[in-house]
1. State yes or no: is E36 surrounded by 11 or more Cβ atoms within 10 Å (Cβ to Cβ), of a type in the set (D, E) and in contact (Cβ under 8 Å) with a residue 24 or more places away in the chain?
2. Please go through the range 1-20 and give me each residue that is within 17 Å of M37 (Cβ to Cβ), part of a strand (DSSP E or B) and of a type in the set (A, V, I, L, M), ordered by number.
3. Within the range 1-38, can you find the residues that are of a type in the set (S, T, Y) and over 18 Å from V57 (Cβ atoms)?
4. Inside the range 30-52, can you point out the residues that are touching a strand residue (DSSP E or B) at 6+ places or on another chain (Cβ under 8 Å), assigned to a loop (DSSP other than H, G, I, E, B) and under 22 Å from L73 (Cβ atoms)?
5. Here are some conditions: (1) under 10 Å from the mean Cα position of the chain (by Cα); (2) over 27 Å from D6 (Cα atoms); (3) of a type outside the set (S, T, N, Q). G62 meets all but one. Which one does it not meet?
6. Hey, could you check the range 54-64 for residues that are assigned to a loop (DSSP other than H, G, I, E, B) and modelled with pLDDT of 90 or more and say which is farthest from V23 (Cα to Cα)?
7. Say whether the condition of being surrounded by 13 or more Cβ atoms within 10 Å (Cβ to Cβ) and not in a loop (DSSP other than H, G, I, E, B) is met by at least one residue in the range 65-77.
Amino acid sequence: MTRTVDMVTADQRVVSGEVCGPVTIQIEGFEPVSSEMTFVDMELEGGEYGPLLGSTVLEQAGLAADPVGGRLLKIPHMDLRAASGSAG
């Protein structure tokens, strides 16, 4: 199943993307998850396309981004309080 969506980029451009899914997403070294995936036209960075993972996929996979270390960290458990909006 696919659909087209318009998205706003960080530099305020509006781009179209094709949402496909459900698909299985496998992040190397971690368990696969099922979700939707959006494809957009991208520019090459160093001769390669850089994948961009959204927060939903990271949460589904039980991962968190470490922006300082430039890596993904496994979260030991999901905090259901945060998911329900009653953290604390």
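1. Spelling it out, it is not the case that E36 is surrounded by 11 or more Cβ atoms within 10 Å (Cβ to Cβ), of a type in the set (D, E) and in contact (Cβ under 8 Å) with a residue 24 or more places away in the chain.
2. V5, M7, V15, V19
3. Of the residues in the range 1-38, the ones of a type in the set (S, T, Y) are 2, 4, 9, 16, 24, 34-35, 38.
Listed by number, the residues that qualify are T4, T9, S16.
4. Within the range 30-52, F30, P32 meet the criteria.
5. Result: G62 passes all but (1).
6. As a first pass, look at the range 54-64 and keep what is assigned to a loop (DSSP other than H, G, I, E, B): 54, 61-62.
Now drop any that are not modelled with pLDDT of 90 or more, which leaves 61-62.
On the way: A61: 14, G62: 17 Å.
Among residues in the range 54-64 that are assigned to a loop (DSSP other than H, G, I, E, B) and modelled with pLDDT of 90 or more, the one farthest from V23 (Cα to Cα) is G62.
7. Initially, the range 65-77 is screened for residues surrounded by 13 or more Cβ atoms within 10 Å (Cβ to Cβ), giving 65, 72, 75.
Within this subset, residues satisfying the condition of being not in a loop (DSSP other than H, G, I, E, B) are 65, 72.
Yes, the range 65-77 contains at least one residue that is surrounded by 13 or more Cβ atoms within 10 Å (Cβ to Cβ) and not in a loop (DSSP other than H, G, I, E, B).
The values are calculated or read from the model by the stated rules, or taken from the named source; none is laboratory data. Just so you know, these numbers come straight off a predicted model, no measurement behind them. In this analysis, Cβ positions are derived from the backbone assuming ideal geometry, glycine residues included, and neighbour counts consider all displayed protein chains.
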